[in-house]
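What follows is a short report on a single structure.
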Amino acid sequence: MLDLRSITAHVRDGLVPAHIYSDPEVFALERDRLFARSWTFLAHETEIPAPGDFVVRRVLADSFIVSRDDTGVVHVLFNMCRHKGMQVCRAEAGNASLFRCPYHAWTYAADGRLVGLPFHADAYGGEAGLVRQDHGLLPAPALATYNGLIFASLDPEAPPLEDYLGDFAFYLDLYTRQSEAGIQLTGPQRWRVRSNWKIGAENFAGDSYHTPHTHTSVVEIGLFGEPQPHKRKEGVLYAAGPGSGTTYKLPPGDFASGLGYVGYPSDMVTRMERTWTRRQRDLVGQSGFMVSAATLFPNLSFVHNWPQVDDSGRVAPFISLRLWQPVSATETEILSWFAVDQGAPADFRAASYKAYLMCFGSSGMFEQDDVENWVSITSTAEGTMARRLLLNSRMGLDHDGRPLAEPYGDFAGPGVAYQGFGEFNQRRWLAMWCDALEQAP
Amino acid sequence: MNGPAAPLPYTHEAHQLAHQFLVEEAHLLDTQQLEEWLGLLCPDVRYVMPVAVTRSRRAGADQGPRPGRDGRYGSGDDGGNGMAHLDEDLFSLRRRVERLATEHAWTEDPPSRLRHFVTNVRTFAGPGPDELSVQSNVLLFRSRGDTRPPDLLSAGRHDVLRRGPDGGWRLARREVHVDEAVLRTQNLAILL
């Protein structure tokens, strides 16, 4: 029997019971108390640009059709026929004017309306026996978008998305709004790993400490020079609202030179300058930091790196979004997208795409070593000894739980920031996880 | 890319040479002699493994993954997924091999045990005068460690082999059409 109170007390103290990374009982609580309520990312509007376009995405085991109707409105519809429960859409993506159930041919429009069922009059006595407008596909209980990112919640009482995002929206813009047009997503690559979903989410939230060692090989071959210990230590870890992330310290310079250093061409820099607020520009130009990895609780992560992409030494930045889609306590489906500003020149887009493929995603050279670690943690967490072991996640605190250093003052972004290594962000992510699990079902 | 309608007879010397090339190449991949494998590549090699997307038959499911209208993946100009797991040139393949040769590529240390099963080889003349188009099926068995269940990757391959300056065949182009929309292997630190 799971002692949730003991687990969350330890976790809040920075001592993490290892079995939470493999425990089916913990996973059941996550399903019922966290994912049944939280805002979760499904798709980006650029994946379904035209009327009739759709993609099918899941929130754990629940399949949803993310569709765009004839008037351009986006819908998120539970992919289960109202009659006998068949999936009405069995493709992952496409363009369809109607979703027709293969079982008895109940037929739904892209907005979810039930627009046809055979023998309505003969079988049901028409509207007298079955009111069609009451039998549309179930919409996601809550749906909202931010910068084209489509989020859903299974909780009809979910707070407004913008309230939920809070101050993390400031950072979200840096990844997803580099111009008025915003980003375009390509992908996703999808693959399954035998890892608990929390490990990746925590890692991206603030683990700058793993980079110099886990990713040594990437530095050794000259692909990406930043993940060296001294470079990571100069970076700031920030946390704001339900999100947090890591940064790298830029060489001395201004806004344009900072973005140029990571490989943005001048026309993109100009658009960022026009689109971002003063404070967002100051993060780069005054504070001198560039965002790298981040996680929006619970399971959407971001990454922004700038590797070398050819023999000339050209450096190109890329942005990736990834979803840690839980399959079970010990398995995760990773969905990883390449994201690029819609106004980016074709040459930049090609270099950025190449940078992404080399570093992250199913074949990425960073990601390869991360996943090896996470698979190993998950399998080791299944045993009896792991039930006794409290993993030390207290980096950056003294024995009394006080931060070893003051928050970093010269950081233009909202929230709290610490320079150097520390597990402030992972503990914060885990505290949100505790909050979710402690809520009554 | 489809070859001409009929493959070369299996008794044709070009077919036998192409088949031998694939088997010898698979041996290098199985034994992770990757520096030697790089030596089989043309300087302008293109190695691409598109993401498979489940689509309805009406939407062209049987045509396999689709590149963008400009012929490339990842361009965004595709009206579909347009994404690849791997989309490599010699620079990026060389980097992958160099990385695995370091002492810090944890994902392949200890190394996977690999077995590439190459079958259904069909050879077509062309497209260029010194080129052969070769189709094959590949099944990759990958075992890591002693406790994990093994992974299987099944794919069809469309290759173009080109005769090099020394008269030997080199890989000029490979398209790997993987048979799963969601890969069930922890990463592609391995090649098909």
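The values are calculated or read from the model by the stated rules, or taken from the named source; none is laboratory data. The model shown is predicted, which means the values in this text are computed figures rather than measured ones. Note that we place each Cβ from the backbone using ideal geometry, even for glycine, and neighbour counts take in every protein chain shown. Remember, those area values only see protein heavy atoms, side chains included, never the ligands or the DNA or RNA. Shrake-Rupley method; radii C 1.70, N 1.55, O 1.52, S 1.80 Å.
Once you put a point 7 Å from the Cα of A:Asp400 and another 7 Å from the Cα of A:His213, both along the Cβ direction, what distance in nm separates them?
The two pseudo-label positions are separated by 3.0 nm.
What total accessible area, in Å², is buried where chains B and A meet, using a 1.4 Å probe and rounding to the nearest 100? Spell out each step's value before the answer.
Values: alone 10740 and 18460 Å², together 25410 Å².
Approximately 3800 Å², summed over both chains.
Can you send over the carbon and sulfur percentage of the accessible area for the protein assembly as shown, probe radius 1.4 Å, protein chains only? Could the numbers behind the result be given before it?
Values: 13010 of 25410 Å².
C and S fraction of accessible area: 51 percent.
Taking H as built 1.01 Å from N, whose amide H comes closer than 5 Å to the amide H of A:Ser287, not counting residues under 5 places away?
Close amide H contacts, sequence-distant or interchain: A:Ala412.
What is the sum of charges around B:His19, taking Lys and Arg as +1, Asp and Glu as -1, for the other residues whose C-beta is under 12 Å from the C-beta of B:His19? Mind dumping the intermediate values first?
On the way: positive: B:Arg122; negative: B:Glu13, B:Glu24, B:Glu25, B:Asp159.
Net charge in that neighbourhood comes out at -3.
Taking the 0 to 90 degree range and rounding to the nearest ten, how far is the long axis of helix A:197-206 tilted relative to the main principal axis of chain A, both from C-alpha atoms?
That helix lies at roughly 40 degrees to the long axis.
Across the range A:309-322, in residue order, what do the Karplus-derived ³J(HN,Hα) couplings come to in whole Hz, using 6.51 cos²θ - 1.76 cosθ + 1.60 with θ = phi - 60° and x for Gly and Pro?
Result, ordered by residue: 10, 7, 5, 6, x, 4, 9, 10, x, 9, 10, 10, 10, 9 Hz.
What is the set of long-range amide H partners of A:Gly94 at a cut-off below 5 Å, with H atoms built 1.01 Å from backbone N?
Counting only residues 5 or more places away or on other chains, the set is A:Phe54.
On a 0 to 90° scale, report how tilted helix A:365-380 is relative to the longest principal axis of chain A, with both axes built from alpha carbons and the result rounded to the nearest 10.
70 degrees
Using the basic label-point model (7 angstrom from Cα toward the beta carbon), what is the B:Glu36 to B:Asp130 distance in nanometres?
2.4 nm
Going 7 Å from the Cα of A:Asp282 toward and past its Cβ, which residues in the range A:395-433 have a backbone nitrogen under 20 Å from where you end up?
A:407-419
How big is the Kirkwood radius of the range A:93-250, worked out from every pair of different alpha carbons and given in Å to one decimal? Intermediate values should be presented prior to the final figure.
Details: mean 1/r = 0.0484 Å⁻¹.
Here the Kirkwood hydrodynamic radius works out to 20.6 Å.
Can you pull the semi-axes for the protein assembly as shown, root of five times each eigenvalue of the Cα gyration tensor, sorted largest first, whole Å?
Values: eigenvalues 285, 232, 127 Å².
In descending order, the three semi-axes are 38, 34, 25 Å.
What list of ³J(HN,Hα) couplings, whole Hz, do you get for the range B:102-111 from phi and the Karplus terms 6.51, -1.76, 1.60, once you set θ to phi - 60° and write x for glycine and proline?
Each residue's phi maps through the Karplus curve to give 6, 8, 10, 8, 4, 5, 10, 9, x, x Hz.
Would you kindly enumerate the cysteines in chain A that have no other Cys beta-carbon under 4.7 Å from their beta-carbon?
So far as the 4.7 Å Cβ criterion goes, A:Cys89, A:Cys359, A:Cys434 stand without a partner in chain A.
Once you sort the root eigenvalues of the Cα gyration tensor of the range A:62-153 as a ≥ b ≥ c, which label holds: rounded (a/c under 1.5), prolate (a/b larger than b/c) or oblate (the other case)?
Details: a/c = 2.15, a/b = 1.90, b/c = 1.13.
Prolate.
Keeping every protein chain in place, order B:Arg115, A:Arg177, A:Arg68, B:Arg174 by accessible area at 1.4 Å, biggest value first, i.e. largest first.
Details: B:Arg115 135, A:Arg177 60, A:Arg68 25, B:Arg174 0 Å².
Correct descending sequence by accessible area is B:Arg115, A:Arg177, A:Arg68, B:Arg174.
Just to check I understand the Karplus step: with θ = phi - 60° and J = 6.51 cos²θ - 1.76 cosθ + 1.60, what whole-Hz values come out for the range A:393-398, glycine and proline as x?
Values, residue by residue: 10, 9, 4, x, 10, 8 Hz.
When only the heavy atoms of the protein chains count and the probe is 1.4 Å, how do A:Asp347, A:Asp207 rank by accessible area, highest first? The partial results should precede the final answer.
Values: A:Asp347 100, A:Asp207 40 Å².
I get A:Asp347, A:Asp207, largest accessible area first.
Starting from the 7 Å offset along Cα-to-Cβ, what nm value, one decimal, do you get for the label separation of A:Asp410 and A:Asp122?
Rounded to a tenth, the inter-label distance reads 8.1 nm.
Using heavy-atom solvent-accessible surface (probe 1.4 Å) with all chains present, what is the largest-first order of A:Lys231, A:Lys198?
Details: A:Lys231 40, A:Lys198 0 Å².
Ranked list, largest accessible area first: A:Lys231, A:Lys198.
Using a 1.4 angstrom probe and counting only protein chains, how large is the accessible area of B:His27 in Å², to 10?
100 Å²
In the range A:85-121, which residues have a backbone nitrogen under 11 Å from the label point lying 7 Å from B:Arg57's Cα in the Cα-to-Cβ direction?
Taking a point 7 Å out along Cα→Cβ of B:Arg57, no residue of the range A:85-121 has its backbone N under 11 Å.
Any chance you could look up the accessible area of A:Thr40 with a 1.4 Å probe, heavy atoms only, rounded to 10 Å²?
So the heavy atoms of A:Thr40 present about 10 Å² to solvent.
Using only helices, what value at 222 nm comes out for the protein assembly as shown when you add -39,500 (n - 2.57) per DSSP H run of length 4 or more and divide by the total residues, to the nearest 500 deg cm²/dmol? Please list the in-between numbers first.
Numbers: 19 runs with 169 residues, N = 633.
One gets -7500 deg cm²/dmol as the mean residue ellipticity at 222 nm.
Would you mind getting the Kirkwood hydrodynamic radius of the range A:1-49 from its Cα pairs, rounded to one decimal in Å? Provide the component values of the computation, followed by the final result.
Numbers: mean 1/r = 0.0769 Å⁻¹.
Its Kirkwood hydrodynamic radius stands at 13.0 Å.
GNM on chain A, C-alpha springs below 10 Å: top fluctuator among A:Asp398, A:Asp311, A:Asp69?
Looking only at A:Asp398, A:Asp311, A:Asp69, the biggest GNM fluctuation is shown by A:Asp311.
Compute the helix-to-body angle for A:346-359: its Cα long axis versus the longest principal axis of chain A, expressed 0 to 90° and rounded to tens.
In chain A, helix A:346-359 runs at an angle near 80 degrees to the longest axis.
Calculate, in nm to one decimal, what A:Ala105 and A:His230 gain on full extension: separation in residues at 0.36 nm each, minus their alpha carbon distance.
Numbers: separation 125, 0.36 × 125 = 45.00 nm, distance 6.28 nm.
Contour length minus the Cα-Cα distance gives 38.7 nm.
Would you jot down the residues in the range B:104-124 that end up with at least 10 Å² less accessible area in the complete protein assembly than in the chain alone, with a 1.4 Å probe?
B:His104, B:Trp106, B:Thr107
Given a 1.4 angstrom probe, what's the average accessible area per residue across the protein assembly as shown, in square angstrom?
40 Å²
Threshold 20 Å², probe 1.4 Å: give the residues of the range A:218-234, in number order, that are less accessible with all protein chains present than with their chain alone.
Those are A:Glu220, A:Ile221, which lose 20 Å² or more relative to the chain on its own.
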